[in-house]
Ligand code: MSP
């Protein structure tokens, strides 16, 4: 039985959701909605959630004088609310503080330990708390973490448990070369392979001085490194949720390019060491910037999902986010550009076409015989290749063609049978557009379907009022 298991990164609770988090989660929603139509609801599993352990969350909680768990409890609803506002429908929202997850993480790591892939060593070096990542000398730019130039990496020297990544990475490389799993877009695979070819060192997978984490099962004085705990969420959800075991291995881990190494090398090394099947595909998309700068709380340039939905409604926000740039590329976003695109594509393009066709059908009180619309195979093909902007371009091309046809034939001037015939065709084409829009703009697709059911079609409120 074909199935589709798709995941997003689990987001750190030290931050509240912004357009960047929404981008990944929305793309996962589009793909899961598309798959549900094809494979059936019960054969799709879409997982998202929050990453709640580690030093960064511990510090953020301290600043608010809350326990880390209470702090996480206060942020989690913000994420759930953001996804609800955007009509994003995951099947499950996992939290790494869920005791069922914690149990599986311990079992998983014990397995890796028993298989001889973990040993005790001394970690000496730098750590970036903002990344929750150990830094090598070669990672530094001006002695700082390249992603957090205003935060000083901290020097650490402590006894830790280490994973034999050097040894495991040989198998990882082999599996990539044999295409046992895919890293997309292809240029990301090249990046990973060339880094693997340079050689990698073993990594620390526990922390001695970070109490906010899952204890190492055989050494209660240490906690499991937050990234190991977090990656295992993809597996643990399938194990502790009823009837979800069949979904492992994951078909697709959607991530941003910032966490590619963790997802395409470290995660695989852990799975190989634990003797568990590997996920099939990792897709890393690009990053949104605002005025060419990173979106961040401290810069005060965060665009939030709530703000987008208030301004453009749910489907407007979904459209603008997903169509902003080819999936996989970086790009700058701004409300000004979103406004323009909203007016051009949604108010004038789609909204206007629907209004025009409905108005003509209503005026002559025509009886329209509709037929069951089929989805456009080419749109599906593009979605399967993660080319959302191309899929949408095909749909908007059709919108334009129908619009041009109305103008060329001056349909509003036609009479009788001829008008009836042409309008029937127009209505059916609009219905097909709605079917193709479904994974992207589910609410709008639904409205159009209902409005254009026939036989009597009526005008309704504009779908996308102009801004
Ligand atoms: N907790 C880790 C992930 C663990 S997964 C096992 C983490 N969390 S995060 O909150 O920092 O979220 C990172 C992800 O959010 C990125 O990989 C990306 O999917 C998304 N984005 C965050 N900022 C973004 C942009 N500015 N643009 C696009 N996506 C962005 O890393």
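Tabulated data for the structure shown
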{"read-out": "Space enclosed by the convex hull of the alpha-carbon atoms of the stretch 1-151, per residue, Å³", "value": "175 Å³"}
{"read-out": "The stretch 100-230: Cα Rg divided by the 2.2 N^0.38 Å rule of thumb", "value": "1.14"}
{"read-out": "Packing-based order for 31-41, 328-338, using average beta carbon neighbours within 10 Å, highest first", "value": "31-41, 328-338"}
{"read-out": "Two-site FRET efficiency, residue 190 against residue 404, from Cβ-Cβ distance with R₀ of 30 Å, rounded to 0.05", "value": "0.10"}
{"read-out": "360, 1 arranged by Cβ crowding within 10 Å, fewest neighbours leading", "value": "1, 360"}
{"read-out": "Label-point gap, in nm, between residue 466 and residue 37 - each point 7 angstrom along Cα→Cβ", "value": "3.1 nm"}
{"read-out": "Inter-label distance, nm, simple model (7 Å from Cα along the C-beta direction), residue 244/residue 335", "value": "3.7 nm"}
{"read-out": "Length-normalised contact order for the stretch 1-88 - Cα pairs under 8 Å, 6+ apart - percent", "value": "41 percent"}
{"read-out": "Contour excess over end-to-end distance, with Cα ends at residue 371 and residue 73 and 0.36 nm allotted per residue", "value": "102.3 nm"}
{"read-out": "Relative contact order of the chain, defined on C-alpha pairs under 8 angstrom at six or more residues apart (%)", "value": "16 percent"}
{"read-out": "Beta bridge orientation in the chain: antiparallel %, DSSP, nearest 5", "value": "50 percent"}
{"read-out": "Unit Cα scatterers, Debye sum, the stretch 339-411: log10 I(q)/I(0) for q = 0.13, 0.16 Å⁻¹", "value": "-0.51, -0.74"}
{"read-out": "Value of [θ]222 nm, deg cm²/dmol, for the chain, DSSP H segments ≥ 4, -39500 (n - 2.57) each, nearest 500", "value": "-14500 deg cm²/dmol"}
{"read-out": "In nm, spacing of pseudo-spin labels at residue 16 and residue 198 (7 Å Cα→C-beta vector)", "value": "3.8 nm"}
{"read-out": "Between 0 and 90°, nearest 10: helix 99-114 axis offset from the chain longest Cα axis", "value": "50 degrees"}
{"read-out": "Calculated on alpha-carbon atoms, Rg and Dmax of the chain in Å", "value": "25.1, 86"}
{"read-out": "Per-peptide average of other Cβ atoms within 10 Å, ordering 118-129, 47-58 highest first", "value": "47-58, 118-129"}
{"read-out": "Cα centroid of the stretch 315-355 to Cα centroid of the stretch 1-57, whole Å", "value": "22 Å"}
{"read-out": "Antiparallel content of DSSP bridges confined to the stretch 248-355, in %, to 5", "value": "20 percent"}
{"read-out": "Between helix 305-322 and the chain: long-axis angle, C-alpha atoms, 0 to 90°, nearest 10", "value": "80 degrees"}
{"read-out": "Difference of contour (0.36 nm per residue) and Cα-Cα distance, residue 294 to residue 182", "value": "37.5 nm"}
{"read-out": "Efficiency of FRET from Cβ geometry, residue 65 and residue 170, R₀ 45 Å, rounded to 0.05", "value": "0.40"}
{"read-out": "Taking only Cα atoms of the stretch 231-369, radius of gyration then Dmax in Å", "value": "21.7, 70"}
{"read-out": "Base-10 log of normalised Debye intensity for the stretch 307-454 (one unit scatterer per alpha-carbon) at q = 0.14, 0.15 Å⁻¹", "value": "-0.70, -0.79"}
{"read-out": "Degrees between helix 68-85 axis and first principal axis of the chain (Cα, 0 to 90, nearest 10)", "value": "20 degrees"}
{"read-out": "Taking the stretch 327-467 and dividing mean pair separation by its residue count, relative contact order in percent (alpha carbons under 8 Å, at least six apart)", "value": "43 percent"}
{"read-out": "Shape of the stretch 74-146, Cα gyration tensor, a/c cut at 1.5", "value": "oblate"}
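Values quoted throughout were computed directly from the atomic coordinates according to the rules given, and no laboratory measurement underlies them. Predicted model only: the values in this text are computed from it and were never measured. All Cβ positions, glycine included, derive from the backbone under ideal geometry; neighbour counts span all protein chains shown.
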